[in-house]
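Read-outs throughout are calculated quantities, based only on the coordinates presented, and are distinct from any laboratory measurement. These figures come from a predicted structure and were not determined experimentally. Note that we place each Cβ from the backbone using ideal geometry, even for glycine, and neighbour counts take in every protein chain shown.
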């Protein structure tokens, strides 16, 4: 179970990288994000901000291999960002576009719960070993 949680943890890193948002010019951001979601009034600056948050979360996921608290915080941030993406697409009526972030959201929740399970059982096993 520990290695499955680690592998899924690694899979999430590029998912939350935000590199596309940060490397795209304003016109591409408008075409891909703000125009389809025009009813929500998202600006190009807001999309860049989300890209920075995603990049920091990806860095936190990497750091989470050494510091569990950072990994859990990054997973929580990723859950919030993906839930926002799902909600935004559903509100805008872009139901097919909501599928991809929904899959990512479910995967992130599974990794979060899997890491908690592994951490909980690792602590329990350490206590038994020290007796």
Answer label for log10 I(q)/I(0) by the Debye sum over Cα atoms at q = 0.10, 0.16, 0.19 Å⁻¹ (calculated), chosen among (1) -0.41, -0.93, -1.14; (2) -0.37, -0.80, -1.03; (3) -0.34, -0.87, -1.21: (2)
With a point put 7 Å past each Cα toward its Cβ, work out how far residue 59 is from residue 23 in nm, to one decimal. 1.8
For a paramagnetic label modelled at 7 Å from the Cα of residue 49 toward its Cβ, which residues of the range 75-104 fall within the zone defined by backbone nitrogen distances under 14 Å? 81
Residue span residue 72 to residue 107: 0.36 nm per residue of separation minus Cα-Cα distance leaves a gain in nm of 11.2 nm
In this structure, the FRET efficiency calculated for residue 4 and residue 80 from their beta-carbon separation, with R0 = 25 Å, to the nearest 0.05, is 0.55
